[in-house]
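All remarks here apply to the structure that follows.
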Amino acid sequence: MARHVVLRAAELPEGESRIVTVRGREIAVFNLGGEFFALVNRCPHEGAPLGLGLRVGLSESDRPGCYSHSRPGELLRCPWHGWEFDIRTGQSWCEPSRLKARAYAATRESGAALVKGPYVAESVPVAVQEEYVVVEV
Amino acid sequence: MTVDVDPRLAVPADAKLRLVDCDIHPIVRSTADLRPYLDPCWHDYFDQFGNFLVSPYTEAHPYPKPTPALSRLDTWPPGGGPPGSDLDFMRAQHLDPHDIEIGVLQVLWPTAARQRNLGYAAALCSAVNDWQAAEWLAREKRLRGSIMVSQEDAGSAAAEIARCARRGGYAQVMVMPRNLEPMGRRRYWPIFQAAQEHDITLGCHVGGLNGYAVTGGAGHCSFYAEEKDSNGFAMEAMLTSMIFEGVFEAFPRLRMVAIEAGLGWVPALGWRLDDLWQRFRGELPAVRRPPSDTLRERLWYTTQPADEPEDPRHLRDLFDWIGWDRVCFASDYPHWDSDDPRHALPVQMSQAERRAIFRDNAMAVYCLG
Ligand code: FES
């Protein structure tokens, strides 16, 4: 496991997603209200690129006629067959114990903290005054 | 037979297959693309009136689709146009990486087959067929077309089948299960006659809008998910009509592919129809063979949307019942519910079985060899 600098934080505004490649592996990175999360860019069903999925909320209904909508933008809907995954954990909504997209730890870190190391910045040069998205792979 | 249920089962390198994909959807960038291919007699009509369909909806579908253009979100060509409109992008995203040896095109839009103005319907079908030939078949050797016909005007359909068969390049005559009457009725027989005469396969792709509720008489449903599910039983109803009306006896060389309707219902339909046939032979004297024999010997079935039983080994039971020589891979690219050939049907198969489903069965039914 190493900490990889994948993006400048400013490149990934709130609510957006980006696909990055770390050690040959495609990873989808998400900004959710200023927090960052990362999932493997590969749906456990048939392998679709999850990073292109739609960000949706959680629609529920306890009884007929009563609907609720919560957690806006926290679920990712696969761009192919529409299975939904929790951006925070990678767990699927329908079968959370069985079906999961691999999640990686993602954090926001300042350049000043990063330069103390260790970190890997293959394609993103690190400057002390900037903030970065760091993914552990 | 050992059975491996690992859904991520990788295909060994030496078993790599060239595939036949029975269901790829090309589309026009806009209907204006067809105008150059349309008989000039109809240009004014095309400009002034355009679509006037059998169902009350012209530009819309009665059930909202789950994704824009019904497609995977990653299939919009970077150069513009809707998914399926750019051959180069289709090559790069689908034909090349999946090593597709032959792909059968199924044109769904514009719905030339379902125009209420029958003269225009025939002209528009010819335009769609000429557009396929010029823009797809002439430019890409791996592709085969589908002859679009005006289903409610079987005479013009038969003439169009003859015209296209003479030209070549088409794998099938394309029809849909939902018509103004059940498809076994005699008004549709000239289509079967022409298909048999020109030795061209009949491909029935799910869909067709005739204005009736898709539930088969139970009223209009509320959700796209219900409409999607109705595809299987619309195909069942159509096949039941064709079998009980005696179509397969009247046209003994007719071959037919059921496309995009799933597979799980096929064995049960055979069991049920055999039962009815035995009890009601007096009503069905034209049916001389058990219906399950017809389903087993005259029909082929495409895989997508692949059934996903909880235990993937049950797919093997399904193939045993339907016949390993009857099941043909289809992707449905670029639609949202398309299947990736590397991951669909996650059950262990021998190399011969895999080869049959992903290539040889389609080669046989479409005479592609
Ligand atoms: S590939 Fe994601 S739901 Fe099928």
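The values are calculated or read from the model by the stated rules, or taken from the named source; none is laboratory data. Note that the coordinates shown come from a computational prediction; the quantities given were computed from them, not determined experimentally. All Cβ positions, glycine included, derive from the backbone under ideal geometry; neighbour counts span all protein chains shown. For the accessible areas, the whole protein counts, side chains as well, though only heavy atoms, and no ligand, DNA or RNA atoms are used. Shrake-Rupley method; radii C 1.70, N 1.55, O 1.52, S 1.80 Å.
Here is how the numbers come out for the structure above:
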quantity: FRET efficiency for B:TYR45 and B:GLU308, using Cβ-Cβ distance with R0 set to 41 Å, rounded to 0.05; calculated: 0.35
quantity: Electrostatic dipole magnitude of the stretch B:163-286 [Cβ: Lys, Arg +1; Asp, Glu -1; Cα centre; debye, to 20]; calculated: 500
quantity: Principal semi-axes in Å for the stretch A:3-136 [√(5λ), Cα gyration tensor, largest first]; calculated: 30, 16, 11
quantity: Shielding by other protein chains, B:71-77, mean Cβ within 10 Å; calculated: 4
quantity: Lysine pairs meeting the criterion (Cα under 27 Å, 8 or more apart or interchain), as found in the protein assembly as shown; calculated: 4
quantity: Neighbourhood charge, 13 Å Cβ-Cβ cut-off, centred on B:GLY246 and excluding it, Lys, Arg +1 and Asp, Glu -1; calculated: +3
quantity: Within the accessible area of the stretch A:3-136 (1.4 Å probe), percent carbon and sulfur; calculated: 50
quantity: Solvent-accessible surface (1.4 angstrom probe) belonging to A:ARG23, in square angstrom, nearest 10; calculated: 140
quantity: Beta bridge orientation in the protein assembly as shown: antiparallel %, DSSP, nearest 5; calculated: 60
quantity: Cut-off 11 Å between beta-carbons: net charge of the residues surrounding B:SER150, Lys and Arg +1, Asp and Glu -1; calculated: -1
quantity: Per-residue SASA entry for A:LYS100, accessible area with 1.4 Å probe, Å² rounded to 10; calculated: 110
quantity: Sequence-separation-based contact order of the stretch B:127-236, relative, with Cα cut under 8 Å and 6+ spacing, percent; calculated: 23
quantity: Mean residue ellipticity (222 nm) of chain B, computed from DSSP H runs ≥ 4 via -39,500 (n - 2.57), nearest 500; calculated: -9000 deg cm²/dmol
quantity: Lys, Arg +1 and Asp, Glu -1 on Cβ, resulting dipole of the stretch B:34-168 about Cα centre, debye, nearest 20; calculated: 240
quantity: Rounded accessible area of A:HIS81 (nearest 10 Å², 1.4 Å probe); calculated: 30
quantity: Environment charge at A:TRP80 (Cβ cut-off 15 Å; Lys +1, Arg +1, Asp -1, Glu -1); calculated: -2
